[in-house]
Amino acid sequence: MDSAVSMVAELMALSAKTAPKGLGKDYIDIKVIEGNALRELGETMLAMAKERNEPGFSRDGKNVLDSSAVVLLGLRNHPPNGVDCAGCGFSCAEMKARRLETDYVGPNCIFRLLDLGIAIGSAVKTASMHNVDNRVMYRVGVAARKTGLLQSKVIIGVPLSATTKSVYFDR
């Protein structure tokens, strides 16, 4: 099944790449993780669970280790859209001048974050169409950022599995 899941992961990357983007500008990073990189990501999450005393990282890390692949989707550095909508909490000029870094880096233009959300939705739709179990996970993205798998400001991870029962539900 791993080869079929790998093929679907690539199709998910294609769906995310071709998803509509505001003003036709693409600031989305996409990477498929398998094999040793997937194991390293899952193990990093288990270590983060201990560091942060956050059991969710352990649960999700085990899910990653039980997966055949992970699709990472990130929002790279980007300029504001330019409409001064204050969706990010600031004017466009203020957004460019500010920086806060915790699990992610912000602020981010709301329109660029919407682009990321649409790309994620397109990717998971493709997984669903091919009957590959998946789950959108914030913690996977945080660990991927920590390990440098992507240099994006915001990263979301989508682990993939094809087993009799989904490893991502009824955990």
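Mind checking whether some residue in region 100-113 is hydrophobic (A, V, I, L, M, F, W, C), within 23 Å of Leu46 (Cα to Cα) and surrounded by fewer than 18 Cβ atoms within 10 Å (Cβ to Cβ)? Yes: one or more hits. For region 140-165, which residues satisfy the criterion of being more than 9 Å from the chain's Cα centre (by Cα) and assigned to a helix (DSSP H, G or I)? Ala143, Arg145, Lys146, Thr147, listed by residue number. Within region 53-84, the residues that satisfy the criterion of being surrounded by fewer than 21 Cβ atoms within 10 Å (Cβ to Cβ) and either in contact with a strand residue (DSSP E or B) (Cβ under 7 Å, 6 or more places away or on another chain) or under 18 Å from Ser161 (Cβ atoms) (or both) are Ser58, Arg59, Lys62, Leu65, Asp66, Arg76. Of the residues in region 126-135, at least one is in a helix (DSSP H, G or I) and surrounded by fewer than 18 Cβ atoms within 10 Å (Cβ to Cβ). Only one residue in Gly22, Gly35, Gly106 is of a type outside the set (D, E, K, R), over 15 Å from Met137 (Cα atoms) and modelled with pLDDT under 95, so which one is that? The unique qualifying residue is Gly22. So, in region 27-52, how many residues would count as being crowded, with 18+ Cβ neighbours inside 10 Å, out of contact with any strand residue (DSSP E or B) (no Cβ under 7 Å at 6 or more places or on another chain) and among the charged types (D, E, K, R)? So the answer is 0.
The values are calculated or read from the model by the stated rules, or taken from the named source; none is laboratory data. Model, not experiment: these values are computed from the prediction. Please note: Cβ atoms are built from the backbone with ideal geometry, for glycine as well, and neighbour counts cover all protein chains shown.
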